[in-house]
Structure formats: structure tokens, C-alpha cells
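The values are calculated or read from the model by the stated rules, or taken from the named source; none is laboratory data. What you see is a predicted model; the values in this text were computed from it and never measured. For neighbour counting, all protein chains shown are included, and Cβ atoms are generated from backbone atoms with ideal geometry for every residue, glycine included. Note: areas computed on protein heavy atoms with side chains; ligands, DNA, RNA excluded. Shrake-Rupley method; radii C 1.70, N 1.55, O 1.52, S 1.80 Å.
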Amino acid sequence: MTGTTVWLRFWIQVKLLSQKNTLLIYQVFLQNTFKMFIKHSLTCLLLGASTLSLPELAHASTLRKPTARKLAIGSECTIMVSTLLALEPDGQQEEQFDCMLDEPRGMKGMSGQIVPIVADASQSKQLSHLLKRGDVVPGKTNLAIAGAQIASNGGVALPPGLDIAANVRQNEQERSGRKLSEQGDKPILVVKVTDSAGRARTESSAQIGDDIFGTLNDPVNLASQMRACSFNKLNIIEGPVNELLRAAPGVVEVTIDIQLTENDRYAIHNAVTEKVNTKLGITLPGPYEQVMYVLEKCYVGCGWAAYAYINSWMSVYQDVYYKQVGVQMHEIGHNFGFAHSGGLDGQTYTDHTGLMGNPLYSDDVGRMCWNAAKTWQVGWYDDRKATFDASMVVQTYRMVGIANYDNNPEQLPVVIKLETGTSTDQFIAFNRAMGVNSDNDEADDEVTIVQTGSNGEGYSQSFLQATLRQGESHTITNWVGTGQNLIISVTDIDQDTNPQVWTATVVVSLGEMPPTPAPTPCVSGTNFKLDLVTDNYPGETAWTLVNQCTGQQQLSGGSYSNANTQYVEENCIPIGKYVFTITDSWGDGICCSYGEGSYALQYDGNAINTQGGNFGQSASVTFGSCNEPPVTAAPTPAPTPVPTPAPTPAPTPVPTPVPTPAPTPAPTPAPTPVPTPAPVPAPTTAPIPDPTTAPIPDP
């Protein structure tokens, strides 16, 4: 580019910007001059500096990137936690910890932006544990980040060694948080987003509004299902927008200055937030309880249908997922403070008895509410709750499903809490599949048992424990350390007394633990025993036992569901050489930062030395030998007949005569002669003369 060209471009821009002030014109000139200087300099380097290698050019280019800057003393951010609804949602997923930056604390120009927290493994684990323990409340807890850096990617890089617990405080203003189980009107703003290349959803703003608010004729939508599940206690309404600015009731449109195809979700949602703030002249969330961003699609860092921030106002949807009622309910559920709902297999999303598991993916199929734990948490059914605790021995409950909450003449409970006295409790509900819950996806008309933490009152991943039909029961062994089993039995599901209101009869009782059966003798190998005590995070613990002689995995266990609980595994295994490996998925072992976990091993009756529970990511120990002779079936005596007594004749009774009755005649009837027939002479035939012919007279 020649100098003349640069000046020509400069004067064209001056002409176009003639209404702008002199300072802006001067900035344009400097920017163009600097670009010309850089381009000429690089050209000279490429043509004349033949000794400059490509790696050195790459290094030089990195020097031109914006450098990270340290944040001043007093800098803070509000801790935000996002969860992504994965498109293949049957695996495990961790929460993403982010920062909402706060301008008054030395971050001018970045106020309200949400950026990722860049932390080391120890800090990440501490954040996760503080969240699970309730010491970090998303949207309501501030983190002091003096000395942290805003890196070139926009993330907040925490200083190495920063103690998270010592640098958090509760935000009294709670500017990012939202209360759970609000009642009354909830105004929501929907934002239809267009990127700088014109990419946007093809549906009109009016159609998008209908899919969320039901303003036209959509039969099942976010507003209708929230109203149904809450029994009119919560009313989703279109957020107020100046008629000159809105595109449809409750909907605004903005165009961002970046492309969806070239930017990650942070850059995109921050760009949207900035545009909405500017257009409406507010700082989000402003007068709105929730704000929903609708994107054409996801192109960078995808694999999610939607995501939302916990206890917050923001949720983001890509592609067709914004219109799917289950997805809408799921994401706004996160805004309410709900965590995901895991199934019987221990995976994050696989409880399909409520919408915080893998939700329903359909526009008009979405009549479904929450599982037992979230039913307790949401607060809409507080007048229909019951509690069982360790002071009770046996209780019989009749209950109805939430679908009959408002048709419940006897005011029966819809959810029962099994109070353990710890932060982890179980919850029972009757999963009646009708009405507001008619599209339920698992265990229709069965009794469900769900376990969660935070006393069932706050953010905590839940897990389905059992689904019970009439006549079935579920046992929790050694309940809360009582030495007794807790047995939950479904004795009746009454469909007939009132066909419109089915009831389930549930008996909760404490019973003696059955005696432990004597171990089965190990006659074809040797005994292996593991005695494991979990820490506060049992889901991180697993183990394997590998037979080195065969190369096969012999046994395995974990992850576990109950914290600070003893698990004993005892098995008969072939004699051989073994490697036992215990792992902690987070990398901090099972002792001693977060609980006093431990494990002990025995092989062939002998204790195996281990390094204890403080092992980091994993620990292994080897024992046994492939050269040991095979077991000769546990010393079995020579085939001796079953203990044969000395040749003693078969028990011969003492020479006692065959039981002879005392000399009492057998009951003798009164001296009545044996019925004697009347003296009838023996039948005598009339005297017959010898066969002589009668005398024949003479002729």
C-alpha cells in the first residue's frame, strides 16, 4: 500500500465521519498510519532479512497479542456456575465456574461480562467442594481476585496458591442471583440474536414469543407448563419493553458485531448482553426475572443444546432447542437453583422421572414436572409435605402424586422427606402420570425414592434410588448409623376408590438388621477382603483388582453414592499375583482434606500394607505370586463316610417287649356274649334213604 493510498483512505473516512469530533478523526489517522508502518516493516523483514526464521516470526506475532493485566487490590467478581445441557446427556458432567466482572472493583469496561475462571486443579476442586457444601452460592458469592490476571482470552487466571475459601464472601446485594420458588408474576425477556453475517433463527419474533409465552396458539410452552406445575402459583409473563423497541410481546431483536462461526459462547453472550443493555438503556437483568438468548446455531465449542447459570437470570439456546418445552423448563430450572437429576446408573442426566434429567425434546410434548427431591426443593407444595426421622419407628403414609395436588380432598402429602440428620436425605413421591405430569418418561404410577444433598433445600445433584410398584420394597441398610435397616414398602396403589385420584400407601419402618451369614468357605482359591470408608465425595472413588497371572481384571468397585460410609467387599479369588489400584477422580485421595476416608486389604487372611487414604490421583499395591501351587481344595479329609459311628447296631431299644398294654383287656364291651345266633341246629337235610329204587309192585 502506498502512502498516497493511505492518505486517500484517511480523507474518505474523514468525509464519512465529518459529524464526529476531531479526536475520533485523529484516532482513525493514527490507526491507518500504524497499519501502514507494520505492513511495510514486515515486507522489509520478509524481503531483506533472510536470516529470520519462521519460528522467530511466529514468536514475534505473539508479542503483538494483548498482554494480560493484573487486577488491582480490592478487585472482585461474582462467582457464576453454568451447566450445559449436553446433546448426548447420559454421561458425567462437571459445572463450569465463571466470574461476572464488577466494574467498581478496577475492571473498567468489563462490568457485567461473564468470563471463565482459569484455576489449577486444587483450586477447581476447592470451588467444587465449596459449591456442594453450600459455602459458594452461585450468583450470590463474591471472590476476591486481587493479583489475578485478565488473560488475552478474557478469562480470569487465578494466582497460583490462592486459597479460595479464604477469599469468598457473600454478596449482600445478590445482584446476579435470583430467589428460588418465586410466586406471582415472573417477567421474562426473550432476545432474538442476529450475528454480523446475518445469521439468525428463521422463525419470526412473534413465533418465538408464542413458543415461550403461548401468545398465539402454542398449546404447551414454558409459561403454560410452569403455571401447570405450580398450580398457578407462578405466572410467566412477557417482560415489559417499550413498544418502539420490541419486536413482539416480550421479545427484542439485537445484532451483534461478531460472527457465531468464529467465537465461543462467552464472547457471544457477552456481546448480546452489551447490545441489550445499550438498546434498552438498562443493565441486565433490569426489570426481568429471567432473560433468554436465542441463537441461530452453535459453531464453536458446541455439543450443547442450551445452557444456563445457576441462581441467575441468563439462559442461552441454540438451534431449535429454544422451542422445546422440556429444554425450556430444564434451563429455567437451573436459574431456579436446581442441579441435574441422575438415574439408577449413577450418571448425571438419567433420572427421567423429572425434567432435570434428560428432558423431553419436543415442541408440544412437555407435560412433566420435577422428581421427588426437586418437588421438595421448589417450595410450591410446602403445605403437602411430610417428614420421617430417626425418632419414629414405623409410619404409614397415604399420598397422591403432584398431578392431584389441587384435587386432594384429604390433603394427603405429595412428597415425604426421610430426614437423616445430615445434609444428605432421601425423598419419596408417587409419580402419578396424568394431567400436568402426563408426559412423564419413567416409572409411571410408581413410588420413587430420590437422594440429594443440601438438606433438599439448595443446589445439589440428585440420584434416583428406587422405583417401586405395589408389593415392592426398598431397604436402606444401617440407616443413619442406627444399626437398623430402614424399609420403605408400597403396600397398596388404590386405583378404584376414586379413579380420578389414585393414592399410594407407603410404610416406612425401622427393623433389625438381619444376621450376617457365615462366609461361604473358599475351597477353590483364597479370600480377598477390602474394607473401604468413603470421604465426603464418594462419587470420586473407584478401584480395580487385576490378576497379573492372567492379565484379566478380577474385581472392581465404585463409584460410591454414600459419603463417610463403610463398604466391605469379600470375595473368593484364584491364588495368583494381583495389583490392587484405588483411584480418586479429582486427584486428592480420600483423606484428609475432605473427610477421613481409608481402606484396608487382606489376602489369604493376611493384612496387606498400603499407603493409606492420602494418595492423590491413585495408589497401587502388588501382592501374591503366580508360582504358588494351585489350591488343593481346602484340606478336605479323605473321603471318609459321613461320620459313621462305631459299628453300633441300629439303635436297639432296651429289650422292652413291644409296647404291651398294661394287663387291661382291650376295651371290653359289657359282658354281652358275642352275638350268638339262636340255637339253630346245623342244617340237617331230611333223612334221605339210600338211593334204592322204590319197591315195584308186582304187575
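Tell me, which residue of the stretch 420-438 that is at pLDDT below 95 and out of contact with any Gly (no Cβ under 6 Å at 6 or more places or on another chain) is surrounded by the fewest Cβ atoms within 10 Å (Cβ to Cβ)?
In this case the residue turns out to be Gly421.
Confirm whether Lys374 is over 20 Å from the mean Cα position of the chain (by Cα) and either touching a residue at least 24 places away in the same chain (Cβ under 8 Å) or over 23 Å from Gln495 (Cα atoms) (or both).
Against the criterion (over 20 Å from the mean Cα position of the chain (by Cα) and either touching a residue at least 24 places away in the same chain (Cβ under 8 Å) or over 23 Å from Gln495 (Cα atoms) (or both)), Lys374 does not qualify.
So, in the stretch 518-564, how many residues would count as being open to solvent by 20 Å² or more (accessible area, probe 1.4 Å), aliphatic (A, V, I, L, M) and either at pLDDT below 80 or closer than 17 Å to Ser618 by Cβ (or both)?
Number satisfying all stated conditions: 6.
Report, ordered by the first and then the second residue, all pairs with beta carbons closer than 9 Å, sequence separation of six or more or different chains, a first member in the stretch 228-244 that is on the phi > 0 side of the Ramachandran plot, and a second member that is surrounded by 13 or more Cβ atoms within 10 Å (Cβ to Cβ) and not acidic (Asp, Glu).
Close Cβ pairs satisfying both conditions: Phe231/Trp380; Phe231/Tyr381; Phe231/Ile402; Phe231/Tyr405; Phe231/Val436.
Conditions tested, residue by residue: (1) open to solvent by less than 10 Å² (accessible area, probe 1.4 Å); (2) over 27 Å from Ala86 (Cα atoms).
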| position | (1), (2) |
| --- | --- |
| Ala223 | yes, no |
| Asn232 | no, yes |
| Leu245 | no, yes |
| Ile256 | yes, no |
| Thr283 | no, yes |
| Cys302 | no, no |
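Looking only at the stretch 477-503, how many residues end up being of a type outside the set (Val, Ile, Thr) and either more than 21 Å from Thr467 (Cβ to Cβ) or open to solvent by 50 Å² or more (accessible area, probe 1.4 Å) (or both)?
Residues of the stretch 477-503 of a type outside the set (Val, Ile, Thr): 478-479, 481, 483-486, 489, 492, 494-496, 498-500, 502.
Narrowing further to those that are either more than 21 Å from Thr467 (Cβ to Cβ) or open to solvent by 50 Å² or more (accessible area, probe 1.4 Å) (or both): 478, 481, 483-484, 492, 495-496, 498-500.
Number of matching residues: 10.
From the list Gly209, Gly177, Gly154, exactly one residue is of a type outside the set (A, V, I, L, M, F, W, C), open to solvent by less than 70 Å² (accessible area, probe 1.4 Å), at pLDDT below 95 and under 25 Å from Pro359 (Cα atoms). Which is it?
Gly177
Name the single residue, out of those in the stretch 349-382 being open to solvent by less than 10 Å² (accessible area, probe 1.4 Å) and of a type in the set (S, T, N, Q), that is nearest to Gln461 (Cα to Cα).
Per the stated criteria, the residue is Asn371.
Of all the residues that make up the stretch 575-602, how many are over 25 Å from the mean Cα position of the chain (by Cα) and either open to solvent by 60 Å² or more (accessible area, probe 1.4 Å) or under 30 Å from Ser124 (Cα atoms) (or both)? Working first, answer last.
First pass over the stretch 575-602, keeping only residues over 25 Å from the mean Cα position of the chain (by Cα): 575-581, 592, 598-602.
Now narrow it down to the ones that are either open to solvent by 60 Å² or more (accessible area, probe 1.4 Å) or under 30 Å from Ser124 (Cα atoms) (or both): 577, 580-581, 592, 598-600, 602.
Here the count works out to 8.
Are there any pairs with C-beta distances below 6 angstrom linking a residue in the stretch 389-403 that is open to solvent by 70 Å² or more (accessible area, probe 1.4 Å) to a residue that is not in a strand (DSSP E or B), with the two at least 6 apart or on different chains, and if so which?
Arg398/Leu412
Going through Tyr560, Tyr578, Tyr599 one at a time, which residue ends up being among the hydroxyl-bearing types (Ser, Thr, Tyr), touching a residue at least 24 places away in the same chain (Cβ under 8 Å) and part of a loop (DSSP other than H, G, I, E, B)?
Tyr560
In this structure, is Gly612 on the phi > 0 side of the Ramachandran plot, out of contact with any Asp or Glu (no Cβ under 7 Å at 6 or more places or on another chain) and open to solvent by less than 30 Å² (accessible area, probe 1.4 Å)?
yes
Tell me which residues, restricted to the stretch 212-221, are open to solvent by less than 60 Å² (accessible area, probe 1.4 Å) and of a type in the set (A, V, I, L, M, F, W, C).
Within the stretch 212-221, Ile212, Phe213, Val220 qualify.
Leu412 - would you say it is under 22 Å from Asp383 (Cα atoms), open to solvent by less than 50 Å² (accessible area, probe 1.4 Å), in contact with an Asp or Glu (Cβ under 7 Å, 6 or more places away or on another chain) and touching a residue at least 60 places away in the same chain (Cβ under 8 Å)?
Considered against the rule, which asks whether it is under 22 Å from Asp383 (Cα atoms), open to solvent by less than 50 Å² (accessible area, probe 1.4 Å), in contact with an Asp or Glu (Cβ under 7 Å, 6 or more places away or on another chain) and touching a residue at least 60 places away in the same chain (Cβ under 8 Å), Leu412 comes out as no.
Could you tell me whether any residue of the stretch 312-326 is modelled with pLDDT of 95 or more, part of a strand (DSSP E or B) and within 30 Å of Tyr560 (Cβ to Cβ)?
No, there is no match, as no residue in the stretch 312-326 is modelled with pLDDT of 95 or more, part of a strand (DSSP E or B) and within 30 Å of Tyr560 (Cβ to Cβ).
Only residues that are open to solvent by 20 Å² or more (accessible area, probe 1.4 Å) and within 33 Å of the chain's Cα centre (by Cα): list them for the stretch 188-199, please. Step through it out loud before you land on a result.
Taking the stretch 188-199 first, the residues open to solvent by 20 Å² or more (accessible area, probe 1.4 Å) are 192, 194, 196-199.
Hit for the stretch 188-199 is Lys192, nothing else.
How do the strands (runs of 3 or more DSSP E) wholly within the stretch 425-502 filter down when requiring 1 or more residues that are more than 22 Å from the chain's Cα centre (by Cα): which remain?
Those strands (runs of 3 or more DSSP E) span 473-476, 484-494.
Mind listing whichever residues of the stretch 204-253 are touching a Phe, Trp or Tyr at 6+ places or on another chain (Cβ under 9 Å), in a loop (DSSP other than H, G, I, E, B) and not small (Gly, Ala, Ser)?
Scanning the stretch 204-253 gives Asn221, Phe231, Lys233, Pro240, Pro249.
Looking at Leu530, Leu555 in this structure, which one is in contact (Cβ under 8 Å) with a residue 40 or more places away in the chain and not in a loop (DSSP other than H, G, I, E, B)?
None of the other options fit; the residue is Leu530.
Glu182: acidic (Asp, Glu) and at pLDDT below 95, yes or no?
The answer is yes for Glu182.
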